[in-house]
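The values are calculated or read from the model by the stated rules, or taken from the named source; none is laboratory data. Remember, it's a predicted structure, so these values are computed and weren't measured experimentally. All Cβ positions, glycine included, derive from the backbone under ideal geometry; neighbour counts span all protein chains shown. For the accessible areas, the whole protein counts, side chains as well, though only heavy atoms, and no ligand, DNA or RNA atoms are used. Shrake-Rupley method; radii C 1.70, N 1.55, O 1.52, S 1.80 Å.
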Amino acid sequence: MNKKFLLKAAALMPDLTHQKVTLQDNKVLDQGESVVYDFGDHYVGTVTIDFGWAGSPQDAPALVKIKFSEIAYEVDEDTTDYNGWISKGWIQEELIHIDALPCKLKLKRRYAFRYVKIEAVALSQKYSLIINKLTADTVTSAPEFVPVVGNTPLEKKIDKIALRTMRECMQYEFEDGPKRDRRLWLGDLRLQAITNYCTYKHNDLVKRCLYLFAGTADKNGNISACVFTKPKVLPDDTYMFDYSLLFIPTLLDYLNATGDKQTATELLPLALKQLELAKAQFDGDIVRDSDKLGWCFLDWNLALNKQCGAQAVYIYCAKAAVKLCERLDKDCKAIKLDIEAKTKAAIDTFYDKQKGLFVSGADKQVSYAANIWMCLAHVFGEKERAELLDRLKYYDGAVKLVTPYAYHHYIQALVECRKSIDAHDIILSYWGKMAELGADTFYELFNPENPDESPYGSRAANSYCHAWSCTPSYFLRKYF
Ligand code: RAM
């Protein structure tokens, strides 16, 4: 680990702003009964519950189950038989013994919630449990509320939800989601950062995160896909082809937004290293295919073949590297030659002339993700890209997008070839649908055709406040 970089990250640790939110009640529960409290909006923080009792003296411990839910659907979801592949530990449920009433129960964990369900699992026949008050100590490192933008009520609603999503995920780092995984991921950071530049403008938080990734690169320079910061800073042993490379455009965006050449210059060698390291995954100028889960992310659609999309991400990031070098007066002739070679190879290998679309992997899969990323990589000119995106829209059987992360890239690809009307329609229909379903914050994954979808084997583990979904706030400010 690079101590110098980690010291810079530590010096940029933000203060959290606390806000108390209280729900007063005098609810009496008998054994087996439960009550659901609604805080009225999504919050992140710790919670204290004031319990009392009624009837005879407390002759047995009170066993209470407390469940925190981000959305209404989660409240009554039965998780006893949860069998997803991601840990059940992410489900925000506690089973607690209270030996002496009355008591102020201060729960140690930080939760992400709007609803709190309290169930009196076991009391005794002689006493009842009273819930007097719930107090949430909510936290964020977002500087202040940002004025909502939008030309219509729906746009304003979408912007408000997206801003809330961002704010909730702004803690000591940009977290992916405050329920899960509660940590810094590179792909997520890139979208949080561009949205931050035109909303909360907490640019030092982006800088801190860049140094956290840089400071935790391994001895060969590999940047991890995500970083833990508690109890101490540690990179995850997950390396993703696209996420490591996306350090490059994240740094370029930071430079463009802040003009901070010093940071960009300091981190440039590591950024360029990602291109060099990625080359090990190529045969000639074509990236090798891999079906290992998480090898390259792009989206959470488990049917997606990643080969073509990965090649496009490489070209996209190499082009960002050229821009960085040019801004910082560094030579980049070799990168330009590499881009030419990789682009030619991408068109020769993946472009199906008959279909007029890019195909991926041995089965020549047509997917939105691969075609979108080839557009973002500008392997074709603006007119051809617009035509390609039209063909994609009407192609039957293209593997679809399931995350707001992937939808972000679709919108970006559309606006970059002047298809702003289509882009705008998708923002209103996709994010608008979540808003219509009552979202206070936008979700990690949302497939309008299958609201129960989860890449984890169960919806209970999904995150319903996930910062990579906040980019309507970016698009609405930048393009509409
Ligand atoms: C999930 C997280 C995170 C994302 C990775 C790839 O585990 O939700 O946001 O970046 O997947």
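Just give me the residues in the stretch 384-398 being without any contact (Cβ under 8 Å) to a residue 12 or more places away in the chain and either within 16 Å of the ligand (Cβ to nearest atom) or not in a helix (DSSP H, G or I) (or both), in sequence order.
396
Filter the stretch 403-416 down to the residues that are over 23 Å from residue 70 (Cβ atoms) and within 16 Å of the ligand (Cβ to nearest atom) and list them by number.
The one that is over 23 Å from residue 70 (Cβ atoms) and within 16 Å of the ligand (Cβ to nearest atom): 409.
Has the stretch 209-216 got any residue that is modelled with pLDDT of 95 or more, outside any loop (DSSP other than H, G, I, E, B) and over 15 Å from residue 271 (Cβ atoms)?
No; the residues of the stretch 209-216 include none that is modelled with pLDDT of 95 or more, outside any loop (DSSP other than H, G, I, E, B) and over 15 Å from residue 271 (Cβ atoms).
I'd like to know if the stretch 219-237 contains one or more residues that are open to solvent by 10 Å² or more (accessible area, probe 1.4 Å) and small (Gly, Ala, Ser).
No: zero hits.
Give all pairs with beta carbons closer than 7 Å in which a residue from the stretch 63-74 that is acidic (Asp, Glu) meets a residue that is open to solvent by 20 Å² or more (accessible area, probe 1.4 Å); count only pairs at least 6 apart in sequence or on separate chains.
70/114
For the stretch 8-61, name all the residues that are under 22 Å from residue 100 (Cβ atoms) and of a type in the set (Val, Ile, Thr).
Within the stretch 8-61, 28, 35, 46, 47, 48, 49 qualify.
Results for (1) hydrophobic (A, V, I, L, M, F, W, C); (2) in a helix (DSSP H, G or I); (3) under 28 Å from residue 197 (Cβ atoms), shown as yes or no for each residue.
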residue: 256; (1), (2), (3): no, yes, yes
residue: 266; (1), (2), (3): no, yes, yes
residue: 291; (1), (2), (3): no, no, no
residue: 295; (1), (2), (3): yes, no, no
residue: 315; (1), (2), (3): yes, yes, yes
residue: 322; (1), (2), (3): yes, yes, yes
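If I ask for residues that are away from the ligand (no atom under 12 Å from the Cβ) and among the acidic types (Asp, Glu), which ones from the stretch 220-246 would you list?
Scanning the stretch 220-246 gives a single hit, 237.
Among the strands (runs of 3 or more DSSP E) confined wholly to the stretch 103-205, which include 2 or more residues that are surrounded by fewer than 21 Cβ atoms within 10 Å (Cβ to Cβ), among the hydrophobic types (A, V, I, L, M, F, W, C) and within 16 Å of the ligand (Cβ to nearest atom)?
none
Could we say that residue 264 is open to solvent by less than 30 Å² (accessible area, probe 1.4 Å) and in contact with a strand residue (DSSP E or B) (Cβ under 9 Å, 6 or more places away or on another chain) here?
So residue 264 fails the test.
Can we say residue 280 is more than 26 Å from residue 329 (Cα to Cα), in a helix (DSSP H, G or I) and open to solvent by 30 Å² or more (accessible area, probe 1.4 Å)?
Spelling it out, residue 280 is indeed more than 26 Å from residue 329 (Cα to Cα), in a helix (DSSP H, G or I) and open to solvent by 30 Å² or more (accessible area, probe 1.4 Å).
Determine if the stretch 255-275 includes at least one residue that is of a type in the set (D, E, K, R), at pLDDT 95 or above and within 16 Å of the ligand (Cβ to nearest atom).
No, the stretch 255-275 contains no residue that is of a type in the set (D, E, K, R), at pLDDT 95 or above and within 16 Å of the ligand (Cβ to nearest atom).
Collect the residues in the stretch 323-357 that are open to solvent by 90 Å² or more (accessible area, probe 1.4 Å), among the polar types (S, T, N, Q) and touching a residue at least 60 places away in the same chain (Cβ under 8 Å), keeping them in residue-number order.
If the condition is that a residue be open to solvent by 90 Å² or more (accessible area, probe 1.4 Å), among the polar types (S, T, N, Q) and touching a residue at least 60 places away in the same chain (Cβ under 8 Å), then no residue fits.
When you scan the stretch 82-98, do you find a residue that is away from the ligand (no atom under 16 Å from the Cβ), in a strand (DSSP E or B) and among the charged types (D, E, K, R), even just one?
Within the stretch 82-98, one or more residues are away from the ligand (no atom under 16 Å from the Cβ), in a strand (DSSP E or B) and among the charged types (D, E, K, R).
With (1) more than 30 Å from residue 266 (Cα to Cα); (2) in a loop (DSSP other than H, G, I, E, B) as the list, and residue 345 as the residue in question, which single condition is left unmet?
With respect to (1) more than 30 Å from residue 266 (Cα to Cα); (2) in a loop (DSSP other than H, G, I, E, B), residue 345 is out only on (2).
So which residues in the stretch 293-322 are under 22 Å from residue 348 (Cα atoms) and open to solvent by 10 Å² or more (accessible area, probe 1.4 Å)?
Selection gives 304, 305, 306, 307, 316, 319.
For the structure I just gave you, tell me whether residue 214 is within 16 Å of the ligand (Cβ to nearest atom) and touching a helix residue (DSSP H, G or I) at 6+ places or on another chain (Cβ under 8 Å).
It is false that residue 214 is within 16 Å of the ligand (Cβ to nearest atom) and touching a helix residue (DSSP H, G or I) at 6+ places or on another chain (Cβ under 8 Å).
List the pairs whose first member sits in the stretch 80-99 and is modelled with pLDDT of 95 or more and among the acidic types (Asp, Glu), whose second member is surrounded by fewer than 18 Cβ atoms within 10 Å (Cβ to Cβ) and in a loop (DSSP other than H, G, I, E, B), and whose Cβ atoms are under 9 Å apart, counting only residues at least 6 apart or on separate chains?
Taking only residues 6 or more apart or on different chains, the pairs are 93/79; 94/107; 94/109; 99/61.
Can you go through 401, 414 and tell me which one is in the same structural domain as residue 181 (by TED's automatic domain parsing), open to solvent by less than 30 Å² (accessible area, probe 1.4 Å), closer than 27 Å to residue 364 by Cβ and not in a helix (DSSP H, G or I)?
Result of the check over 401, 414: 401.
Which of the following residues is out of contact with any Leu (no Cβ under 9 Å at 6 or more places or on another chain) and among the polar types (S, T, N, Q): 31, 58, 19?
The conditions single out 19.
What pairs come out if I take residues in the stretch 16-31 that are open to solvent by 70 Å² or more (accessible area, probe 1.4 Å) and pair them with residues that are outside any strand (DSSP E or B) whose C-beta lies under 6 Å away, six or more apart or interchain?
From residues that are open to solvent by 70 Å² or more (accessible area, probe 1.4 Å), the pairs are 31/123.
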